[in-house]
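As structure tokens, the structure follows; a few thoughts come after it.
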Amino acid sequence: MDAGRARGGQQQGDVPGLAHFLSVVEWAQVRESIAARTAAHAGSHRARELEPSTDPAVVRARQERTAAARGALDADAAPALEGVSDIGAIFGRAGRLGRGLTARELRAIAVTVEVGAAAREALAGWPALLALVAAGREDEAADLELAREVLAKVDEHGRVLDDASEGLARVRADLEVARHELVHALGQLALDPALLPALAEFKPAVHDGHPCLRVKAKEVRRVDGPIRAEAPDGTLFVEPDRARAQYNRIRHLELDERVEVQRVVAALAGRVERRREVLCALADGLIELDVHLALARWARDLGMVAPALAEGGPGEGLVLRRARHPLLAHDAACVPLDLALDADRRAVVISGPNGGGKTVAMKTVGLLAALAQAGAWVPADAGTRLPIFPRLLAVADARSSVSAGLSHFQAHAHELAACAEAVVPGALVLLDEIGHGTDPGEAAALAQAFVEHLLARPGVLVLATTHLGPLKAFAERTPGLANASVALGEDGAPTFRLEVGRAGRSYALEVARACGLPDAVCARAEALHAGEA
């Protein structure tokens, strides 16, 4: 979006590990929520490309624009953007197809220019948003005049209107007369006793706007002339040779009409082409504005707040106050979480039962970090502060691959290796069930060594979920690390509440029993676990 696209910001597609991080935190669903609140199709498409930036200047500019968009919404000053089209994409498509602009495309451009002028007027008191639509402002009157000329000559269906030129008005008037004469001639033919037995209708028929005679298939030889089409009932639409002069006149006039339409469109397109760069920039700014207004609507709908951005960078730390997962924030049962990570607590190891909310808590933190860096507000309370992370990394959801010859653990190990290579000072790293898929003892050793490797980089913050007892013990005894837990309530249901400061139980046997495992199996497992067998 925005600066990363048209104003010199960082292109996020090249950031190592970002695509996987966004997949892990289910970013696509977030983008759909934002896209649903845009006004124009072009804005919806752009919202589905939205990614967090790692450039502090871009992040701060995005947040400033979203704050301004929220203010404009609250002041009922947000412009209507439904008619905005991506002018750059229009020119690009025409270039790829090796043709000029069509009348429909010219109208889309003209509507966008008009929307831009109205947006400038509406946003006069919002400089951060006004800057988005500044392109061509000095020539606004001339561009508006051109846009209105296009709109006066091309209707909403992309048809060039009769009065677009004197020549077009004249040829269409002649066409109307010629078509009337053809219909009259066909009507006279339909009265001819020699043709009556062949006709399926005793008056001129129209096929696809084209006057013909409708003829019975078995009698078609009675009517000399080419067959234009066959009807579903088997009758035929025929152009009788006895009206050939009228048909030829119409075709000559239709050719004249096409030539004149092409001349009108080419003349308008040439003038629009000369403003291509400015008009593309205007459309890009309007599309970006649409996305920021969508972010503002989303913030209003979910009661989001503007996150404070850590002035001193990642080392200043992260503070979440009553943070909610953005896709669950509307659910009354959503349990908010509080978390602080800073120089004294750079890693949190989250443990507890399967289905208890460990991964949701971890993804919530990752999502809020990504949202802030994408320019969005966050579902949390005031006082929430987020660093601008120079890299967002995750290790999760590794899958075995028969075709690649990878076991589950090998796939996991490849992800760990990629993360280790990509980590930079100040990064945020999410680790879901680190070390899974192999011997628990070796897994715990690998998990500890990997966390130590990450924390050797200055300012790196880590959230890890685990069932490994040794990793919990490591977090308990190591300065800069902390345990956190999610637990089951007295009724055996998960509480989804994150409690920092103590490790959680896995409750594996209780969960297995609740999932329907036979009592005898569960009882035997409990005895084995207790050392009674």
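The values are calculated or read from the model by the stated rules, or taken from the named source; none is laboratory data. Note that this is a predicted model, so its numbers are computed, not measured. Cβ sites come from the backbone with ideal geometry, for glycine too, and all protein chains shown count toward neighbours.
Some notes on this structure:
- Condition met for Val259 (of a type outside the set (S, T, N, Q), in the same structural domain as Thr102 (by TED's automatic domain parsing) and in a helix (DSSP H, G or I)): no
- Where a residue in the range 81-95 is among the hydroxyl-bearing types (Ser, Thr, Tyr) and its partner, wherever it lies, is assigned to a loop (DSSP other than H, G, I, E, B) and crowded, with 19+ Cβ neighbours inside 10 Å, with Cβ under 9 Å and at least six apart: Ser85/Ala40
- Filtering the range 230-238 for residues that are in a helix (DSSP H, G or I) and touching a helix residue (DSSP H, G or I) at 6+ places or on another chain (Cβ under 6 Å) leaves an empty set.
- Yes/no for Asp284 being crowded, with 20+ Cβ neighbours inside 10 Å and among the acidic types (Asp, Glu): yes
Okay, residues lined up against (1) over 30 Å from Ala266 (Cβ atoms); (2) surrounded by 21 or more Cβ atoms within 10 Å (Cβ to Cβ); (3) in contact with a Cys (Cβ under 9 Å, 6 or more places away or on another chain):
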residue: Val58; (1), (2), (3): yes, yes, no
residue: Arg62; (1), (2), (3): yes, yes, no
residue: Ala77; (1), (2), (3): yes, no, no
residue: Thr102; (1), (2), (3): no, no, no
residue: Arg107; (1), (2), (3): no, yes, no
residue: Gly116; (1), (2), (3): no, yes, no
residue: Leu129; (1), (2), (3): yes, yes, no
residue: Arg137; (1), (2), (3): no, no, no
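- Any hit, the range 418-438, residues being over 30 Å from Val319 (Cβ atoms) and under 31 Å from the mean Cα position of the chain (by Cα): no
- Residues located in the range 258-281, provided they are of a type in the set (Lys, Arg) and surrounded by fewer than 17 Cβ atoms within 10 Å (Cβ to Cβ): Arg258, Arg263, Arg271, Arg274, Arg276
- Within the range 477-501, residues that are on the phi > 0 side of the Ramachandran plot have Cβ atoms under 7 Å from residues that are surrounded by fewer than 16 Cβ atoms within 10 Å (Cβ to Cβ) and at pLDDT below 70 in these pairs: Gly492/Glu510; Gly492/Ala514, counting only partners at least 6 apart in sequence or on another chain.
- Criterion: in contact (Cβ under 8 Å) with a residue 60 or more places away in the chain, assigned to a helix (DSSP H, G or I) and not charged (D, E, K, R) - qualifying residue of Leu289, Leu327, Leu320, Leu339: Leu289
- Check on Ala245, of a type in the set (A, V, I, L, M) and touching a residue at least 60 places away in the same chain (Cβ under 8 Å): no
- The range 91-131, residues that are farther than 21 Å from Val154 by Cα and in contact with a Leu (Cβ under 8 Å, 6 or more places away or on another chain): Ala119, Arg120, Leu123, Ala124, Leu129, Leu130
- Any hit, the range 139-158, residues being in contact with a strand residue (DSSP E or B) (Cβ under 8 Å, 6 or more places away or on another chain), surrounded by 14 or more Cβ atoms within 10 Å (Cβ to Cβ), under 30 Å from Arg228 (Cα atoms) and among the aliphatic types (A, V, I, L, M): no
- The residues listed here are Ala19, Ala40, Ala35, Ala67; of these, the one that is in the same structural domain as Ala294 (by TED's automatic domain parsing) and free of Cβ contacts under 8 Å to residues at least 24 places away in the same chain is Ala19.
Condition check ((1) farther than 16 Å from Leu341 by Cα; (2) surrounded by fewer than 15 Cβ atoms within 10 Å (Cβ to Cβ); (3) in contact with a helix residue (DSSP H, G or I) (Cβ under 7 Å, 6 or more places away or on another chain)) across all residues:
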| residue | (1), (2), (3) |
| --- | --- |
| Glu421 | yes, yes, no |
| Leu431 | no, no, no |
| Glu442 | yes, yes, no |
| Leu471 | yes, no, yes |
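- Scan of the range 195-224 for residues that are of a type in the set (Gly, Ala, Ser) and surrounded by 18 or more Cβ atoms within 10 Å (Cβ to Cβ), ordered by number: Ala198, Ala205
- Test: residue in the range 239-252 that is in contact with a strand residue (DSSP E or B) (Cβ under 9 Å, 6 or more places away or on another chain), under 30 Å from Arg48 (Cβ atoms) and assigned to a helix (DSSP H, G or I): no
- From the options Leu498, Leu481, Leu463, residue that is at pLDDT 85 or above, touching a strand residue (DSSP E or B) at 6+ places or on another chain (Cβ under 7 Å) and within 22 Å of Val25 (Cβ to Cβ): Leu463
- Those helices (runs of 4 or more DSSP H) of the range 116-213 in which 1 or more residues are farther than 30 Å from Arg65 by Cβ and within 45 Å of the chain's Cα centre (by Cα) occupy 140-153, 166-190.
- The single condition among (1) touching a helix residue (DSSP H, G or I) at 6+ places or on another chain (Cβ under 6 Å); (2) on the phi > 0 side of the Ramachandran plot; (3) at pLDDT below 85 that Gly426 does not satisfy is (3).
- Any chance Leu416 is closer than 30 Å to Ala35 by Cβ and at pLDDT 85 or above: no
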